[in-house]
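Input: a single structure, listed below in structure tokens.
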Amino acid sequence: STPLRLYRVTVNQKPIGISLKKRSLRVHKVDKKALHLGIRPNDTLLRIAKFDVNPANWKLFFDQMQPPFKMLFAGVDTFRDPADRRSVGLDEEMTRKIGTLAKIMERLGYKDAVPSMM
């Protein structure tokens, strides 16, 4: 299976250069700003600041936040060098936990529950 990664980005100014798929938390498009932060298409937004988000409320939280604030994403780990992981704020412990959760959910039949992490 493909390794997963959880990573945080610090938003110092808006916009950050992403669009999410409708009724989803999956990143659809990114521009150079987002790529520079380490955000990639098909990664999944999980949290804005200390708030867990869902497709119905993420935009409200994002619009109300004043920079700087952090956002937590999950995606496929394509980094080969541990220093690259640290450079984008990868959280190793959380990555292990989300990987375990994704495997459990897959075994239970929730194949679309966390699409960018399967």
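Bear in mind these aren't lab numbers, they're just calculated from the coordinates by the rules spelled out. This one's a predicted model, so the numbers in the text were calculated from it and none came from an experiment. Cβ placement follows ideal geometry from the backbone for every residue including glycine, while neighbour counts extend to all protein chains displayed.
How much net charge surrounds residue 14 when only other residues with a Cβ under 14 Å from its Cβ are counted (Lys, Arg +1; Asp, Glu -1)? Net of charged neighbours comes to +1.
Overall, the range 23-64 carries a charge dipole of about 100 debye about its Cα centre when +1 sits on the Cβ of Lys and Arg and -1 on the Cβ of Asp and Glu, all other atoms neutral. Per-residue Karplus couplings for the range 7-18, computed as 6.51 cos²θ - 1.76 cosθ + 1.60 with θ equal to phi - 60°, are listed in order as 8, 10, 10, 9, 8, 9, 7, 10, x, 9, x, 10 Hz, Gly and Pro entered as x.
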